[in-house]
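S.K.: Have a look at this one before I ask anything.
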Amino acid sequence: MARIIIGFIICFLLGNCAKKKENIIIKNKPYIIAYEDIKSSNYLKKKNIPLPPKGFYSESQLLIDKKGHFYYYQKEHFRAGCGTKEESDTLPHFINLKPNDIIIIPEESLTNFLSQNILNKVINRRILIVASQNDTIKNTSFFNFINKNQLIAYQIRRTTQEEDTVLKYKLEDKYYSPQDIKWDQNRITLPFIKPKLK
């Protein structure tokens, strides 16, 4: 009888270890932006909830490059009123981002950095936009921050043309002049820029 009880306890302990390992694998699975967008869109449609307007920027942006490295930039706080965005406004606006605006964040400092730069704000300004150059995010360190902290909201999207361009200039340490860039106006809404005189 003692052998049966000991055998049962060993099986129980080994079974729990296998479950814990399985949970770790599920938590650290890659995040696929296009798949998650479709999934949330389908969920909202089933519940007859209108799709929210696609936003691009907030006060705090976390960028993830193709190699999984983290960058951060902040824009001046702005308050967009509910329903003020036009339905046809689906392109990101030019925000005059500069290479010096982007800060490189070492992965081991990510949680502390985001805590100091977002969680110290008033509750309604604790919003984080996560933008990735890849559709699949394999480095999910930021999810630990998101799951453990009190953000009012977050959004995960692909990087904009402006973010990609400015990040490239920052990493290559080249002079950046937005007027010299051939912007794809199918991907960005530009302010009026005077043509250069020849």
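All of the numbers you see were taken from the coordinates with simple rules; none came from a lab. Just so you know, these numbers come straight off a predicted model, no measurement behind them. Cβ sites come from the backbone with ideal geometry, for glycine too, and all protein chains shown count toward neighbours.
S.K.: As an exercise, use a Förster radius of 30 Å and the Cβ-Cβ distance of ASP135 and GLU107 to find the FRET efficiency, rounded to the nearest 0.05.
M.R.: Between ASP135 and GLU107 the formula returns 0.90.
S.K.: Chymotrypsin sites (Phe, Trp or Tyr not before Pro), restricted to region 102-175: which are DSSP loop and have at most 11 other Cβ atoms within 10 Å? Intermediate results must be reported in sequence, preceding the final value.
M.R.: Working: sites: PHE113, PHE142, PHE143, PHE145, TYR154, TYR169, TYR175; in loops: TYR175.
When the chymotrypsin sites (Phe, Trp or Tyr not before Pro) of region 102-175 are filtered for loop state and at most 11 Cβ neighbours within 10 Å, TYR175 remain.
S.K.: What is the extension gain from ASP180 to ILE38, computed as 0.36 nm multiplied by their sequence separation minus the C-alpha to C-alpha distance, in nm to one decimal? The partial results should precede the final answer.
M.R.: On the way: separation 142, 0.36 × 142 = 51.12 nm, distance 3.60 nm.
Length difference between fully extended and current span is 47.5 nm.
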